[in-house]
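Participant: Take this structure, written in structure tokens, and hold onto it; I'll ask about it next.
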């Protein structure tokens, strides 16, 4: 891992930059939380927002790479065939310093750390999957994720309650009770507003979320589905401080259909002050 000095004096907004060669697939995780997968093929992503998921103490960002999405969680094995020269990857921790002068906003980006992997630099047999990793401690004053101060719990203990909460939220969407729904999602909007103060405040984010739901509900094919508990899996992340139910592909079990498209809606819960709260 390469480290660079911190040149900033003011608050910093953390993000990730990722490059994955066209022979590789990838999986992004931050503090043991899934941030998405990259299908096989050349990929370059900048400013992946992680500022809302900072833990207390040391934080860890990882990029797991393999020859396909299917084998990213398999034990490391020999890369088949002749490794292509394009098999390379980069994970870097970025920081944005935002300064505002009058009506002008200036963003300065700096790379704090990076980890590189290149098939041409591997000695001997090439084993995959491999993991690129960046460890860092956020600057003092950085926001802490809502789940960071949650109580860890056994998945078996909270499984039924998490599914029940998810089903209740899905029912609000299905019944078009959007005012009640945005009431349930208020914690995560407030947290987003704290993490990104240059963006919309919590009230603005609420109106935006409500408008989006009303627009979707205007579609003649609007529908909300939740997968059955049987066949789904309770996913425990962030050292068993963050929970949600996912399908066999690891996608959220609540889906909205509108305008001929279907997409998953994420609802993740933590134990805060003795009860499950929707935090992410």
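The values are calculated or read from the model by the stated rules, or taken from the named source; none is laboratory data. None of the values given here were measured: they were computed from a predicted structure. Note that each Cβ is placed from the backbone with ideal geometry, even for glycine, and that neighbours are counted across all protein chains shown.
Participant: Go through the residues of the range 151-158 one by one and say whether even a single one is outside any loop (DSSP other than H, G, I, E, B) and either more than 22 Å from the chain's Cα centre (by Cα) or at pLDDT below 95 (or both). Walk me through how you get there before you give the answer.
Facilitator: Of the range 151-158, the ones outside any loop (DSSP other than H, G, I, E, B) are 151, 155-158.
Filter once more, keeping what is either more than 22 Å from the chain's Cα centre (by Cα) or at pLDDT below 95 (or both): 156-157.
Yes, the range 151-158 has at least one match.
Participant: Let me ask something else about it. When you go through 152, 145, 140 one by one, which is the residue that is loosely packed, with under 15 Cβ neighbours inside 10 Å, out of contact with any strand residue (DSSP E or B) (no Cβ under 7 Å at 6 or more places or on another chain) and closer than 15 Å to residue 54 by Cα?
Facilitator: None of the others qualify; the one that does is 140.
Participant: Going through the range 64-81 one residue at a time, which ones are more than 21 Å from the chain's Cα centre (by Cα), without any contact (Cβ under 8 Å) to a residue 60 or more places away in the chain and assigned to a loop (DSSP other than H, G, I, E, B)?
Facilitator: 74, 75, 76, 79, 80, 81
Participant: Of the residues in the range 178-193, how many are more than 20 Å from residue 271 (Cα to Cα) and free of Cβ contacts under 8 Å to residues at least 12 places away in the same chain?
Facilitator: Within the range 178-193, the subset more than 20 Å from residue 271 (Cα to Cα) is 178-180, 193.
Imposing the further condition that a residue be free of Cβ contacts under 8 Å to residues at least 12 places away in the same chain reduces the set to 180.
Looking only at that region, the number is 1.
Participant: Right, another one. Would a scan of the range 161-182 turn up a residue that is at pLDDT below 95 and not in a helix (DSSP H, G or I)?
Facilitator: Applying the first criterion (at pLDDT below 95) to the range 161-182 yields none.
No, the conditions are met nowhere in the range 161-182.
Participant: Restricting the range 81-127 to residues that are at pLDDT below 85 and closer than 20 Å to residue 40 by Cβ, which is surrounded by the most Cβ atoms within 10 Å (Cβ to Cβ)?
Facilitator: My answer is 83.
Participant: Please enumerate the residues belonging to the range 27-46 that are out of contact with any helix residue (DSSP H, G or I) (no Cβ under 9 Å at 6 or more places or on another chain), over 24 Å from residue 236 (Cα atoms) and not in a strand (DSSP E or B). Give the steps one after another, and end with the answer.
Facilitator: Residues of the range 27-46 out of contact with any helix residue (DSSP H, G or I) (no Cβ under 9 Å at 6 or more places or on another chain): 28-29, 32, 34, 36, 41-46.
Filter once more, keeping what is over 24 Å from residue 236 (Cα atoms): 41-46.
Residues satisfying the conditions are 41, 42.
Participant: I'm told residue 84 meets every condition in (1) closer than 16 Å to residue 29 by Cβ; (2) assigned to a loop (DSSP other than H, G, I, E, B) except one. Can you identify the failing condition by its number?
Facilitator: Against the list (1) closer than 16 Å to residue 29 by Cβ; (2) assigned to a loop (DSSP other than H, G, I, E, B), residue 84 comes up short only on (1).
Participant: Pick from the range 194-231 the residues that are more than 20 Å from the chain's Cα centre (by Cα) and in contact (Cβ under 8 Å) with a residue 60 or more places away in the chain: which of them is surrounded by the most Cβ atoms within 10 Å (Cβ to Cβ)?
Facilitator: Per the criteria, the residue is 226.
Participant: Return yes when residue 53 is on the phi > 0 side of the Ramachandran plot, touching a residue at least 24 places away in the same chain (Cβ under 8 Å) and either in the same structural domain as residue 267 (by TED's automatic domain parsing) or within 17 Å of the chain's Cα centre (by Cα) (or both) and no when it is not. Before you say what the answer is, go through the steps one by one.
Facilitator: Values: on the phi > 0 side of the Ramachandran plot: no; touching a residue at least 24 places away in the same chain (Cβ under 8 Å): yes; either in the same structural domain as residue 267 (by TED's automatic domain parsing) or within 17 Å of the chain's Cα centre (by Cα) (or both): yes.
Against the criterion (on the phi > 0 side of the Ramachandran plot, touching a residue at least 24 places away in the same chain (Cβ under 8 Å) and either in the same structural domain as residue 267 (by TED's automatic domain parsing) or within 17 Å of the chain's Cα centre (by Cα) (or both)), residue 53 does not qualify.
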